[in-house]
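The numbers here are math on the coordinates, done by the rules we state, and not lab data. Keep in mind the model is a prediction, meaning the values are calculated, not measured. Cβ: placed from backbone, ideal geometry, glycine included. Neighbour counts: every protein chain shown.
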Amino acid sequence: MRLWGRAYGLGMASPAPVIVKLGGSVITRKREAARIRPKVLRRLAEELCEPGGPPLVVLHGAGSFGHPGAVRWRLASAPPSEGDPHRARGAAIVSAEVRRLHVAVLRELVDAGGRPVSVPVAGSARNHEGRLSQFDPDPFRRWLSAGFTPVSFGDVVLDDRWGTSILSADSIALELASALRAERVLFVSDVPGVLGPAIRGRRPVIPELTSELVRSLQPKVGAPDVTGGIRGKAEAMLAIAEKGTLAGLISGLSDGALSRAVRGEAVYGSWAKAAAH
Ligand code: IPE
């Protein structure tokens, strides 16, 4: 048996990967059950697969394939009783649903000429009370080293205390950013950036995120999103930047923004600048 380990990790000569998270809000119709936005997904896949780009890790959210079920079976909070059979059944349904979306994402990346390979994290990642407590970045390293694009997604994972719970792809991005020493992390959304408080009736995009600005954002109430919405994402971006990687939130609805951001060009959106290390 061959022991894969750090020795087969990204060597000094390998270019640092760019991590792209396709938000569920942009690749699915978030308010309609399990509906893909086929044209948007196709264009984003084509932008990701343009020749000559850096090595990529692609993550995607669950959108309407995951959040409604996660809300219905309360998978993002403590179960009312241990070994609740409804929760287990709900977890199985949500797990199957997010895989339907995953296959669609893989297929678009293949059709666009890429070399995606599925790397689900549910086999090894664990949560503790809804927060990621165990994660193995090695499969991502190995597939990157072999010239592939690892593709993973927000999922249902085992939870030490709750049986199962939800792991957001934003948390996977945070783990991978430092484990792979990523060049940058791009969150692709249906909004042009993190929107600040209204000024004369309009909410401007915050170009540079700071902890004070993020603290001032309201947690969204009543939205069909179990993983923290835009405020949770902004917090993940700050944590990524704190560990030394540039993180941006850009629109996936504006043609060409993703391909330019992947190439390292300045793109309109919200950015959390990497802390010096
Ligand atoms: C959510 O993942 C996973 C499930 C609800 C099963 P994300 O937090 O990454 O998904 P989006 O981007 O908000 O849809």
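Worth a mention:
- Put simply, the Cα atoms of the stretch 86-244 extend 49, 41, 30 Å along their principal axes, the longest span coming first.
- Each helix, a run of at least 4 DSSP H residues, gives -39500 (n - 2.57); summed and divided by the residues of the chain, these come to -10000 deg cm²/dmol at 222 nm.
- Order of Lys21, Lys273 - criterion: other Cβ atoms within 10 Å of each residue's Cβ, fewest first: Lys273, Lys21
- Max mean-square fluctuation residue, GNM over the chain, Cα-Cα springs under 10 Å, options Gly196, Gly63, Gly252: Gly196
- Among the GluC sites (Glu not before Pro) found in the stretch 59-165, those both in a DSSP coil and sparsely packed, with 10 or fewer other Cβ atoms within 10 Å of their Cβ, are Glu82.
- A Cβ-based charge dipole, computed about the Cα centre of the stretch 32-114 with Lys and Arg at +1 and Asp and Glu at -1, lands at about 300 debye.
- Candidate lysines - alpha carbon under 25 Å from Lys273, same-chain residues fewer than 8 apart omitted: Lys21, Lys220, Lys233, Lys243
- Tensor-based shape of the stretch 88-140 (alpha-carbon gyration tensor, a/c under 1.5 rounded, otherwise prolate or oblate): oblate
- Rg and Dmax of the chain, based on Cα coordinates, read 18.0, 65 Å.
- Neighbour-count order for Val119, Val188, Val103, fewest beta carbons within 10 angstrom listed first: Val103, Val119, Val188
- Rg and Dmax [Cα atoms of the stretch 34-133; Å; Rg one decimal, Dmax integer]: 16.1, 52
- Springs between Cα atoms under 10 Å define the GNM used for the chain, and in it the highest mean-square fluctuation of Leu249, Leu44, Leu209 occurs at Leu209.
- Given their separation in residues at 0.36 nm each and the Cα-Cα distance between them, Arg100 and Ala146 gain 14.0 nm when the chain is fully extended.
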